[in-house]
Amino acid sequence: MPPTLVSFAGLYRSQACNGGSCGTGYPPDTVGDVGPNNYVEAVNTSIGVFSKTGTLQAAVTFDALWNGVSSPCAGINQGDPTVVYDPIGDRWIVSDFGFVDFTTPPFYECIAVSQTSDPTGFYWLYSIQGDDLAHPYFPDYPKMGVWPDGIYYTANMFDSTEVFQGVRIYALKRTTLEAGGTVTPVIHDLTSSYSSLLPANLRGPQPPSGGPAYFVSNDPSLFKWEVFSFDVDFTTPANSVWNGPTKVGQSSYSAASADVPEPSPGNTLDPLGDRLMMQAQYRNIGGTESIWVSHTVGAAPYKVQWAQIDVTGGTVQTSPVQQQIYGSGGLYRWMPSLAVDKFGDMGLGFSTSSSTVAPGLRYAGRLAGDPLNQLNQSEAVLYQGAGVQTGTCGRTCHRWGDYSAMSVDPVDDCTFWYVGEVYDTNGLNWQTHIGSFRFPACGASPVPVAFSDTGFAPTTLTAPQGSIIRWTNQGPSTSGVEDATTLDLFTSSSIATSESYEFTYIGAGTYTVNDQLAHAMTISVPLKISPRSGGTRTTFSVTWSSLAPPAGASFTVQIKRPGTIKWRSWQTANIGTHANFKPDAGIGTYQFRAKMVNASGSSAYSPTKKVKIT
């Protein structure tokens with residue numbers, strides 16, 4: 001496994017947040033996700049926004065976020081947080097549940113949606129009632145996923161005597177939610193034969209248009225993954241169609257039921273072996289659609305079972321593409337979370353502990369080309385805790401987690417980010433830790449550029465979309481780097497000799513960069529076309545950005561058709577990332593170029609990309 005790229009402390013229980021202590025209760029229910037410029041973490045019952053180098057930019061309790069709002073969620077946020085970044089809408093969605101007490105409905109899911117791509121800015125606030133008169137049940141353990149048409153979440157429903165009543169599925173129209181509109185959930189209920197259903201969470205290329213959302217649960221008695229689909233009609237909810245489950249075979253295992261040991265004087269820890277762990281990762285790679293899942297299995301020392309399930313074209317295959325029960329030696333591995341990058345490489349994070357090794361965080365993985373059913377890339381330590389959980393919280397504190405979170409950076413679609421719980425000292429002041437890593441095949445290592453009093457080296461650079469440019473000041477003067485276009489993409493602070501600054505170019509265009517000594521360099525970011533040649537019936541995908549543009553910006557894309565000498569507009573004021581093109585002027589060479597635009601101006605056009613039609 002590759003080493004960590006960054007590794008830094010996340011939120012901790014006794015930390016001060018805007019609104020009070022960052023941490024309440026045990027465990028923290030650590031969760032997080034990564035976006036273009038930030039990592040957003042949530043714990044019981046606060047949210048932290050970090051830069052990608054670990055600087056805490058904002059920290060606020062859920063109660064403070066909702067303070068002053070006329071909503072049932074104002075002041076009664078109780079935990080079980082979720083965080084998802086929506087790469088389609090370039091928005092952040094964070095939530096927890098709100099209620100007076102466990103036995104007294106109504107119960108609410110308190111959902112906050114960023115109004116822009118900036119997670120430190122303003123949020124739309126929604127109070128979604130989770131129960132109703134016919135189902136006066138508490139919606140516990142909510143889990144959320146992003147899909148093109150909606151934000152979907154699920155909950156385990158319990159009555160006032162804590163008897164499990166089944167699973168409820170909620171569908172919220174994504175575009176309405178992210179625009180601050182009025183949202184009414186489309187709801188489906190399952191019986192108590194199913195539990196802890198996870199919604200599939202999208203990363204990377206979208207599924208075929210009109211495809212249903214997917215959900216996965218686990219049947220520990222039959223040793224089956226259970227895959228459902230939900231085709232929601234937000235206009236006429238009664239026309240929505242729920243299908244499943246399709247039972248997918250899995251290797252048999254014994255249940256992880258007894259607690260995980262810690263070194264003395266630590267309490268034993270709950271493995272939560274009865275449920276799938278977030279997330280159910282959806283990936284569409286070259287038209288092959290898969291859902292990846294993981295959970296904890298026994299016997300001691302516990303291991304992680306993971307699997308890849310093929311759902312291409314809406315057909316769920318009843319045998320997994322691959323699966324494995326992973327773990328060896330005397331170390332317990334539990335509380336897993338996995339994600340998959342754009343190449344099909346998989347990263348798996350998990351907690352570790354034993355009677356002699358304090359709880360820590362590790363990660364393992366596999367490359368897409370590795371032999372099936374194996375994590376061939378070994379295992380690495382993200383963070384080794386130095387303390388154990390001790391003491392009581394009404395009763396002996398055994399809970400750990402209740403989950404961790406692995407996700408993939410939308411900028412390069414292959415840097416993995418992981419967050420989980422640790423202790424640095426014995427007691428009940430839990431901590432969390434965040435780190436990232438990237439397989440070498442990703443090819444997204446920063447492109448090095450030097451600058452000094454004599455200028456840039458090189459002075460011109462071609463950088464693929466999503467590339468990270470690292471400027472290193474070779475001095476001797478203190479200086480910095482700034483965007484010299486009218487787009488105002490970035491301005492670095494002054495950089496001392498030998499210090500560096502990084503920035504990611506997501507969109508096609510040609511950008512001018514200055515240092516503070518008035519030297520200039522040019523960075524050209526080309527668009528991408530796939531395939532590069534074809535016939536008159538071929539459909540081409542033209543991609544001009546690896547991510548939605550910054551707020552207020554859009555893209556202009558031009559085309560030059562065969563036999564013409566003038567560029568013509570093809571896409572204008574487009575805030576998407578790509579579009580399909582079919583040759584409309586017969587055989588010959590078609591040329592495309594793109595630029596980023598905002599109200600003040602634009603970049604220059606990108607280098608030209610050509611497609612030959614024969």
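The values are calculated or read from the model by the stated rules, or taken from the named source; none is laboratory data. What you see is a predicted model, and the numbers here were worked out from it, not measured in a lab. Don't worry about glycine lacking a Cβ; one is built from the backbone with ideal geometry, like all the others, and counts go over all protein chains shown. For the accessible areas, the whole protein counts, side chains as well, though only heavy atoms, and no ligand, DNA or RNA atoms are used. Shrake-Rupley method; radii C 1.70, N 1.55, O 1.52, S 1.80 Å.
Structure summary
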item: Distance histogram in 10 Å bins (all Cα pairs of the range 113-214, percent per bin); result: 14, 41, 33, 12, 1
item: Given Lys173/Lys224; Lys173/Lys609; Lys528/Lys566; Lys52/Lys143, the pairs whose alpha carbons are separated by over 27 Å; result: Lys173/Lys224; Lys173/Lys609
item: Sorted peptide list for 143-152, 532-541, 172-181, criterion being average Cβ within 10 angstrom, highest first; result: 143-152, 172-181, 532-541
item: Space enclosed by the convex hull of the alpha-carbon atoms of the range 436-586, per residue, Å³; result: 149 Å³
item: Dimensionless Rg ratio for the range 309-437, taking C-alpha atoms and the 2.2 N^0.38 Å reference; result: 1.19
item: Estimated dipole of the range 130-288 in Debye, rounded to 20 [Cβ of Lys and Arg +1, of Asp and Glu -1, Cα centre]; result: 640 debye
item: Cα-derived Rg to Rh of the chain, Kirkwood definition; result: 0.97
item: Ordering of 77-84, 563-570, 238-245, 461-468 by burial proxy (mean other Cβ atoms within 10 Å per residue, highest first); result: 77-84, 461-468, 238-245, 563-570
item: Carbon plus sulfur fraction of accessible area for the chain, probe 1.4 Å, in percent; result: 50 percent
item: Note, ³J(HN,Hα) from phi for the range 594-610, Karplus 6.51, -1.76, 1.60, rounded to Hz, x at Gly and Pro; result: 9, 8, 8, 10, 9, 5, 8, x, 7, 6, 6, 5, 6, x, 6, 10, 10
item: Loop trypsin sites (Lys or Arg not before Pro), the range 391-455, which have at most 12 other Cβ atoms in a 10 Å radius of their Cβ (DSSP); result: Arg395
item: D_trans [Stokes-Einstein, Kirkwood Rh over alpha-carbon pairs] for the range 247-313, 10 °C, 1.306 mPa s, µm² s⁻¹; result: 115 µm²/s
item: Quotient of C-alpha Rg and 2.2 N^0.38 Å, computed over the range 330-397; result: 1.39
item: Dipole moment magnitude, nearest 20 debye, the range 424-572 about Cα centre, only Lys, Arg, Asp, Glu C-beta charged; result: 1240 debye
item: Accessible area in square angstrom per residue, the chain, 1.4 angstrom probe; result: 37 Å²
item: Charge dipole magnitude, Cβ of K and R +1, D and E -1 - the chain, Cα centre, debye nearest 20; result: 2480 debye
item: For the range 534-570 and the range 390-409, distance of Cα centres in Å; result: 48 Å
item: Value of [θ]222 nm, deg cm²/dmol, for the chain, DSSP H segments ≥ 4, -39500 (n - 2.57) each, nearest 500; result: -500 deg cm²/dmol
item: Amide H contacts under 5 Å for Gln115, placed H, 5+ residues apart; result: Phe122, Tyr123, Trp124
item: Dipole of the chain [Lys/Arg +1, Asp/Glu -1 at C-beta], most positive-end residue of Thr315, Tyr141, Phe97; result: Thr315
